[in-house]
Every structure is written in C-alpha cells, then in structure tokens.
1. Looking at segment 225-247 only, could you name the residues that are within 25 Å of Asp366 (Cβ to Cβ) and either of a type in the set (D, E, K, R) or in a loop (DSSP other than H, G, I, E, B) (or both)?
2. Go through the residues of segment 350-361 one by one and say whether even a single one is of a type in the set (Val, Ile, Thr), without any contact (Cβ under 8 Å) to a residue 40 or more places away in the chain and in contact with a Leu (Cβ under 7 Å, 6 or more places away or on another chain).
3. Output the residues belonging to segment 145-158 that are within 24 Å of Pro392 (Cβ to Cβ) and either in contact with a strand residue (DSSP E or B) (Cβ under 9 Å, 6 or more places away or on another chain) or modelled with pLDDT of 95 or more (or both).
4. Thr342: surrounded by fewer than 24 Cβ atoms within 10 Å (Cβ to Cβ), of a type in the set (Ser, Thr, Tyr), in contact with an Asp or Glu (Cβ under 8 Å, 6 or more places away or on another chain) and over 17 Å from Leu255 (Cα atoms), yes or no?
5. Is at least one residue of segment 2-14 surrounded by 14 or more Cβ atoms within 10 Å (Cβ to Cβ) and at pLDDT below 90?
6. So Ser417 ticks every box in (1) surrounded by 15 or more Cβ atoms within 10 Å (Cβ to Cβ); (2) under 30 Å from Ile126 (Cβ atoms); (3) modelled with pLDDT under 95 but one. Which box is left unticked?
7. Has segment 172-182 got at least one residue that is in contact with a Ser or Thr (Cβ under 7 Å, 6 or more places away or on another chain), part of a loop (DSSP other than H, G, I, E, B) and modelled with pLDDT under 95?
8. Among what's in segment 29-86 and is acidic (Asp, Glu) and not in a strand (DSSP E or B), pick the residue that is modelled with the lowest pLDDT.
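The values are calculated or read from the model by the stated rules, or taken from the named source; none is laboratory data. Computed from a predicted model, the values in this text were never measured in an experiment. Positions of Cβ are generated from backbone atoms using ideal geometry, with glycine treated the same way; all protein chains shown enter the neighbour counts.
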Amino acid sequence: MSQKFGFIPIQPSSLLAEGELESITGDYVRALEELGGERWAADTISDDETQLVLLVATGGTEAVILELWAKRARKSPGQPLFLVAHPGNNSLPASLEVLARLQQDGAQGRIFYLNGPDDAAGLREIADVLHDNEVRQALGRARIGLVGSPSDWLVASSPDVSTVEAAWGPTVVQVEMDEVVKALEAVSDADLEPHVGAFVAGATEVCEPTAGDLGDVARVYLALKKVVDDFKLDALTVRCFDFVQHQRTTGCFGLAQLTDEGVIAGCEGDLVSTVGLLWAHKLLGVTPWMANPAQLDPQNNTLWLAHCTVPRSLIESYRLRSHFESGLGVGIQGALPVGPVTLLRIGGKKMDRLWLAEGEILRSGDAENLCRTQVEIHLTRGGTVTDLLRAPLGNHLVLVLGHHLNRLQGWCKGSVSHIAAL
C-alpha cells in the first residue's frame, strides 16, 4: 500500500519526558510509515489537499489537537479530522472527547482504533478511508466534458449540471459539437495510419468496415483527444449518434481508446453513467464499461449486457464490425473473460440513489440483433434483475471486473452519506 498522507504524533502541552513519546508511539509511527504516511512536525500543516492523520499518544492532548485542527481548517477548509487511537495512555478517551467536540461544531471526522501496531484490519481500514476521501477530493476536482447534449432518449439520465456537481463533485464543461467538427477537419490523413494499423492488427477479424471506415473512426478519436486536451478534461461523454447522422461514422473506437488511456469516455451524452464510470475508475483503479441491459431472466437472475464499444484492455479478443443500429462505421465485438464482475447504476432526480450487484460473466455472445459486444451475467449478490424491472434507475449499467460490492458500499457510507446504496 502506498497511500500518501501526513501524520503527526500528538503529545500533551505539558511535554512528556525525553524519549517517552517515541516509547509510546514508535511502533505505530513505523506502521503508519509502512502504510505510506510521512511523519510531519507539529508545526507543519500543509495548505494543499494532502491528508492529515493525528496519532494521539496520550490523554491530555485535547486542547493541542483542537488548536492544531483550527490551524489546519484555516489552511485547508473542509478536510475531515482523522484520529488514530491505541489501547494505552488514555489515547482513546482523548480521541473520543475531541471528535465529539468537533462534531458539535459541524466538522467531519472519525477515529481509527488500532489494538496494536500490527493490527492489520485496523491499518487496512485507515488505508481504505484515506483512499475514499482522496477519491472524493479527486471527483471534486474532476472536469467532465458534455460534448453536445444528452441523446434525446435519455429521459431519466439528463440531470442539470448543477445536480452532478452537488451530488458527486465534478464540474461539467459544456462543449459544442462544432468543436469536434473543427478538430475532425484539422486531422491529417498521415495522423491516422498508426492508430488504424494497431486497431486492425489486434483484431481477429475485420468484417463489414472498409479502410475508409477505419480511417474515419481514427479521425474521430484524434478529434476527441484534442477536445480533451483543449478543455483540460478528466472525462467526457459525447452525443455520439451525431457522428452517425452527420459524419456517417461512429465514435465507438474513440471512446474505447480514450478510456483505455485513462480518460473516461461515456456514450450518448449520458452524464449519469459517465459519473459512474469515473467513480469506479478512481475508487477501484480498474477500467469500466457501460452497456445496455438488453435481455434478462428474473427466474435465473441473469441478464445480457450489450454495447457497440468496449475498452480493449477489458477483452480477450475482438472483431471489427459495423455499428449495430446504423450499419455504419466501426463497432467493436469483444469477448470479455468469464469470471467475477460488479455492476452499478447511479440514479434518482438528485443522483442520490445507487443500484449495486455482484455476479459472474457466464459467456460472451454474438447475436446479430444486439449491439456488438455482448455478455451474459448471473447476479449472485446485492441487486437483482427484478430490481431493474420494478425500480429502474435508467438504461445504461456500468460493469467492472471483480467483486467490489463491499468497497463501493463502504465509500457511500463513509464519504457521501446522501448517496443511498440500494
């Protein structure tokens, strides 16, 4: 674990005898350093967003902590208070009193209790909560580009940009489609070849797309990449059917490639799902995929997800097909690995509801009446497919490989109490 944070061992204002602070806290200091912490002097309070943990050595430290925290709040307001308590020297009573006072004053924080310096579960909790808070901060700094407007059919997935920011933190940057069109016109043919070559070389088969189709989708990718750079975006979502209607091509390759490069890219101007993609990526450190629930079986608790784009880092192999709905451009027909997955969906008028489920990918499909990348999933824990019929939060679902239900639920409970995990 390499979680970077600062920590300060706190002693009472009537200083301990020489060497006593190190005698009490030395092993805990080493444990926090191994967790990725950096020991700070008591007068070192950073004004950036580096997280701070206070290691409470003894009782009688309440006034020292309050004074130190007031200084921290002036330099970096809004940060939570993290206290580490241990079994001896009245460390826990002091921590309880301080946090109670600060919560009375409206501050946020929590106490981590370590029953010893080798308390693996306690140290893991510290690492998780610090990472959760780091993700919350990162979402608050994030810039999501809304390129064009949401697709007309997203009647439940088109929140006001103020709702996105209030509920989850990111700033939504509205970008006109004309910006992409100008960028498309500026891409030279010579710029296309490396991307087309790699795309084709990795495929097991090229079916409907022509050489011209492949060049066109590479051009869309480069145009979107320029928009990302110009507007300093961390993520974007694109009214991608405009490419189909006006440029007679698709954004499927461009969105997949950007996501593989770490710039989360959502389809159809779906801001809600793009927030879900970005959250999963930052919290779990994995590449996410958004797709349509195309078919489901309530009796067996299974469903099929399908979409015409998928990040290639997620798949074992792929064929290059046309876009399903239009027959134009290039769609990616990828085969995802059999194994554990987690699905999520943000929803509600205030984006304050969340559906989560774990399951297993049973197989990939190649049906001709669905979007190109298709997977059948058996849900095993959390939400059910019946939930989707009785209380849907919207169309698209976000998929990540691996079982992460507890981690996602824990973030909601610890970081944004207004988000309700169903």
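1. Step one: list which residues in segment 225-247 are within 25 Å of Asp366 (Cβ to Cβ), which gives 240-241, 243-244.
Within segment 225-247, just Cys240 meets the criteria.
2. Restricting attention to segment 350-361, the residues satisfying the condition of being of a type in the set (Val, Ile, Thr) are 361.
The next check asks that each one be without any contact (Cβ under 8 Å) to a residue 40 or more places away in the chain; those that pass are 361.
So of that shortlist, the ones also in contact with a Leu (Cβ under 7 Å, 6 or more places away or on another chain) come out as 361.
There is at least one residue in segment 350-361 that is of a type in the set (Val, Ile, Thr), without any contact (Cβ under 8 Å) to a residue 40 or more places away in the chain and in contact with a Leu (Cβ under 7 Å, 6 or more places away or on another chain).
3. Restricting attention to segment 145-158, the residues satisfying the condition of being within 24 Å of Pro392 (Cβ to Cβ) are 146, 149-158.
Hits for segment 145-158 are Leu146, Ser149, Pro150, Ala156, Ser157.
4. Working: surrounded by fewer than 24 Cβ atoms within 10 Å (Cβ to Cβ): no; of a type in the set (Ser, Thr, Tyr): yes; in contact with an Asp or Glu (Cβ under 8 Å, 6 or more places away or on another chain): yes; over 17 Å from Leu255 (Cα atoms): yes.
The answer is no for Thr342.
5. The answer is yes; a qualifying residue exists.
6. Against the list (1) surrounded by 15 or more Cβ atoms within 10 Å (Cβ to Cβ); (2) under 30 Å from Ile126 (Cβ atoms); (3) modelled with pLDDT under 95, Ser417 comes up short only on (1).
7. no
8. The initial filter retains those residues of segment 29-86 that are acidic (Asp, Glu), namely 33-34, 38, 43, 47-49, 62, 67.
Checking which are not in a strand (DSSP E or B) leaves us with 33-34, 43, 47-49, 62, 67.
Working: Glu33: 96, Glu34: 96, Asp43: 75, Asp47: 61, Asp48: 69, Glu49: 75, Glu62: 95, Glu67: 92.
Going through the qualifying residues, I end up with Asp47.
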